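So the structure is just underneath, and the comments pick up after that.
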Amino acid sequence: MSFSSPMCQLLGRHDTLACADHLWIDPPFEPALAGSGVAIWTTDVGHAERYRQLGLQVHEGLDVPADIADYAGVLLFWPKSVALGQWWLDTLCAALPDGHRLALVGEQQGGIKRVSKLLQAMDMMAVKEDNARRCALFATRVVARPQQDDGWMEFEALGMRLASHPGVFGHGKLDEGTAMLLGSLPDKLRGSVLDVGCGGGIISAVLAKKGLEVTAVDVSHFALEATRRTLALNGVTATVLGSDMLGSVEGRFDTLISNPPFHQARDVDIGPALTLFDQAPDHLYRHGVVFIVANSFLPYRSALEDQFSQVEDVTGNGRFRVYRAALPHRFAR
């Protein structure tokens, strides 16, 4: 197999891990897995759809697959959040029997170096099987135990009660950019709102409390569940939809709001934001507007100007800027 990501290139040296009797948990998308027979458990809506298109068996969402113990081995792709990695270990040790084969692969700069101590603290061995491409592969055997903590927490911000979980953007706090975005929105917002990359649901909850008709979308099942919980905690309702940017969104909206992601693992990747800007006009009414918050160094104003006739800076500081965009070029044709 010819893999593209460093972690999978390392795994390519271990053929037994890429077999039909193995379950891979939250891997990056790898077209080379077509025909491998590997089963996938992913919390990413976009990856789930693309792996299904390859013909692989896909378990999507946060619930543990009912047949997880039937796989000869389980391979966890270590996340950049150590807290999320610990949650995965706790979840797997509660779901798998004693002695079940478990492998972990991750980038050296992504926290995999801490795996040995985490496993040892859980009375599990940590055997380093390989080290290449600035990645490491560990093997262990499960020590079964009940899950003590499901990872969910609550906190307060802007007079709202918010739910959060490791793996959700800005876990456990309101990030500065989102706070700036909410503070700069006009009071006269009316009608339907599309919250793209809803994260923990703070934007959706605030706007739903004002009586707006909100649709919240995110690619992460952790974010989708956090948003559902946040809405419930504040006694408001919204439509919550899993979507890779706007790929699964139907209809048009009066307002589109987003704090778009710009990281892929540890690298800057504005591809998702550019996709959003390109898709946005097809989901706006002619009078519709877009509000975007982004780190100041990102070239979002020029990218918005490629799609919209009116683009302005609403507010900003040295770290973040809020943009307003309206009148898509395609409406003027």
Options Leu189, Leu162; residue that is among the aliphatic types (A, V, I, L, M) and either part of a loop (DSSP other than H, G, I, E, B) or modelled with pLDDT under 95 (or both): Leu189
Any residue that is closer than 25 Å to Gly111 by Cβ, surrounded by fewer than 16 Cβ atoms within 10 Å (Cβ to Cβ) and either in contact with a Leu (Cβ under 9 Å, 6 or more places away or on another chain) or of a type in the set (Val, Ile, Thr) (or both) - is there at least one of those in the stretch 2-15? yes
Subset of the stretch 43-63 (residues that are assigned to a strand (DSSP E or B) and either touching a Lys or Arg at 6+ places or on another chain (Cβ under 8 Å) or under 18 Å from Gly197 (Cβ atoms) (or both)): Asp44, Val58
Any idea how many residues of the stretch 136-159 are buried (at least 16 other Cβ atoms within 10 Å of the Cβ) and assigned to a strand (DSSP E or B)? 6
Hey, Asp254 out of contact with any Cys (no Cβ under 9 Å at 6 or more places or on another chain), of a type in the set (Asp, Glu) and surrounded by 16 or more Cβ atoms within 10 Å (Cβ to Cβ) or not: yes
With the first residue restricted to the stretch 148-174 and required to be on the phi > 0 side of the Ramachandran plot, and the second required to be aromatic (Phe, Trp, Tyr), Cβ contacts under 7 Å at 6 or more apart or on different chains are Gly151/Trp87; Gly167/Phe222; Gly172/Phe155
Residue hits (the stretch 104-130; in a helix (DSSP H, G or I) and either outside the structural domain of Leu89 (by TED's automatic domain parsing) or touching an Asp or Glu at 6+ places or on another chain (Cβ under 9 Å) (or both)) are none
Got at least one residue in the stretch 280-295 being surrounded by 15 or more Cβ atoms within 10 Å (Cβ to Cβ), at positive phi and in contact with a helix residue (DSSP H, G or I) (Cβ under 9 Å, 6 or more places away or on another chain)? no
With Leu241, Leu304 as the choices, which residue is among the aliphatic types (A, V, I, L, M) and part of a strand (DSSP E or B)? Leu241
Condition (residue is touching an Asp or Glu at 6+ places or on another chain (Cβ under 6 Å) and either modelled with pLDDT under 95 or among the small types (Gly, Ala, Ser) (or both)) applied to the stretch 242-258: is it met by at least one residue? no
Just checking, which of Asp90, Asp98 is farther than 24 Å from Gly197 by Cα, part of a helix (DSSP H, G or I) and among the acidic types (Asp, Glu)? Asp90
Test Asp278 against the stated conditions and say whether it is within 23 Å of the chain's Cα centre (by Cα) and assigned to a helix (DSSP H, G or I). yes
Looking at this structure, is Gly183 assigned to a helix (DSSP H, G or I) and exposed (fewer than 14 other Cβ atoms within 10 Å of the Cβ)? yes
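The values are calculated or read from the model by the stated rules, or taken from the named source; none is laboratory data. The shown structure was predicted, so the numbers you read here are calculated from the model rather than taken from an experiment. Neighbour counts run over all protein chains shown; Cβ positions are idealised from the backbone, glycine included.
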